[in-house]
Amino acid sequence: MKKALFVLLCLVCAGLCRAESAVVYFSATGTTKAVAEKIAGVTGADLYEIIPLRAYTKEDLNYRDENSRCSKEHKDPDARPKIGGKAFDIGAYDVIYLGYPIWWGVAPRIAETFVESYDFAGKIIMPFCTSGSSPIGDSAKLLAERAGSGTWLEGERLDGKISEADLRIRTAAWKKSIEGVKKTSLRSGSMKKKITQTAGRDNLGDFAPLFAHLNDDVLFGEVWNDESVSVKTRCVITVVCLMASGITDSSLTYHLENAKKNGVTKDEIAGIITHAAMYCGWPKAWAVFRLAKDVWNEESAPLTDKDRYQNTIFFPIGEPNDAYAKYFVGRSYLAPLSAAQVPVYNVTFEPGCRNNWHVHKASEGGGQMLICVGGRGYYQEWGKDAVEMTPGTVVNIPAGVKHWHGAAADSWFSHLALEIPGKNTSNEWLEPVSDEDYNKLK
Ligand SMILES: Cc1cc2nc3c(=O)[nH]c(=O)nc-3n(C[C@H](O)[C@H](O)[C@H](O)COP(=O)(O)O)c2cc1C
């Protein structure tokens, strides 16, 4: 019995551990597809393509011909081109980046087919489009109306050839908005996340179809989504039931973590376990406390050097700067701070890390400005002595000047990098700074 319960709980855990965001897109000629794939690359989201049951031919897409398929669909507000391919597993996602091309200022009708086919309750949708030149306009608002559910963000037009670096900045801004919506919605309780489960069918669909159905459709489909008891209370009930049954293995850890995720505080869990101890036994409470202490004790996790350094600076360190790793010796990190007006990043170098010699090119304007915001490092122009950089040091790098910057050997180092606007800007990456030259620096 205990074993069966354990297996069930493991299945539950497996089913809940899925990607939370998906890039869903329609693309007739490949532009939106390329952007969607880049977004999935930088955000780690899954990809889903809206594939028309009947593909659009070149003739179908001729917008100059008023009798072409797309012209006719556009003129008919009830046109809903059918979607082929696999259905979208909307239950698996919280956040949907929805991409489409602009056709006559709005989204193609097939995007309406898509949004009318699913229930977006509890989802956050970030629309994006590509186009010849038209802005996103009201296209996202119209899709939101058609969908009738979900929290829809304003949406944004992206250039079909957007660079991965720019996309990182855009998607970081989107994530901020999405986190804001999540926080507000959770506080107001307006965004209820539907709990879904496919672990039963995934693992036992052939072997025990009735059990799979009961697990996915009844236990998780109905009971966990029954709003007469809050999810937080359900988590507490589950923890107490497992405790009472003497199950104190990894499945209980999972449910303790789930309880924490759903708002159970350290004081509350301490009170709950103490209370349950009076009814189901002292030794069981000791066993559960051992697990609960780990779950509610993340503050005591040992700090890494990076964590300690982060505590000394105001700006976030961000993510590993993988896209540019080939132009660096050592590991660096990138945190996009602003995409508007002047793009600004916080660039952090671990001790000994530096970028290669490089030149910011521009036919007019351009260049870069660095402002040290943490640690100690250097900036050096070709043929000149290195300049030490400490918090507050400002360096102006004109376009066309060969230079490098990076950390001192014994210190982390962070600077803001401000990309100065210019015409025909690009970067030319050159050879690494040799160990011999670098090791001469004090
Ligand atoms: C039927 C049709 C209508 C279009 N209407 C517009 C438009 O109103 N404004 C615009 O800037 N581009 C328009 N375009 C250009 C597309 O929006 C643009 O090429 C888009 O990036 C194509 O994306 P895709 O390759 O993912 O299909 C239209 C293209 C087609 C085929």
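The values are calculated or read from the model by the stated rules, or taken from the named source; none is laboratory data. Nothing here was measured: the structure is a model prediction, and the numbers come from that model. Positions of Cβ are backbone-derived with ideal geometry, glycine not excepted, and every protein chain shown enters the neighbour counts.
Key figures
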read-out: In the range 215-255, residue surrounded by the fewest Cβ atoms within 10 Å (Cβ to Cβ) [restricted to those that are acidic (Asp, Glu) and part of a helix (DSSP H, G or I)]; value: Glu222
read-out: Flag if Ala34 is at pLDDT 95 or above, assigned to a loop (DSSP other than H, G, I, E, B) and either within 16 Å of the ligand (Cβ to nearest atom) or among the small types (Gly, Ala, Ser) (or both); value: no
read-out: The range 96-119, residues that are assigned to a loop (DSSP other than H, G, I, E, B) and within 11 Å of the ligand (Cβ to nearest atom); value: Ile102, Trp104, Gly105, Ala107, Pro108
read-out: Residues satisfying the stated conditions in the range 115-128, i.e. crowded, with 22+ Cβ neighbours inside 10 Å and touching a residue at least 40 places away in the same chain (Cβ under 8 Å); value: Ile124, Met126, Phe128
read-out: Pair list, Cβ under 8 Å, 6 or more apart: the range 89-113 residue on the phi > 0 side of the Ramachandran plot, other residue near the ligand (Cβ under 10 Å from one of its atoms) and not in a strand (DSSP E or B); value: Trp104/Tyr63; Trp104/His74; Gly105/Ser134; Gly105/Gly137; Gly105/Ser139
read-out: Boolean, Thr196 is part of a helix (DSSP H, G or I) and among the hydroxyl-bearing types (Ser, Thr, Tyr); value: no
read-out: Pairs where the first residue, in the range 56-72, is near the ligand (Cβ under 8 Å from one of its atoms) and the second is assigned to a helix (DSSP H, G or I), C-beta under 6 Å, 6+ apart; value: Leu61/Cys70
read-out: Subset of the range 135-158 [within 16 Å of the ligand (Cβ to nearest atom), under 16 Å from His74 (Cβ atoms) and part of a helix (DSSP H, G or I)]; value: Ser139, Leu142, Leu143
read-out: Qualifying residue in the range 120-134 (condition: closer than 14 Å to Lys38 by Cβ, within 14 Å of the ligand (Cβ to nearest atom), in contact with a Phe, Trp or Tyr (Cβ under 6 Å, 6 or more places away or on another chain) and not in a helix (DSSP H, G or I)); value: no
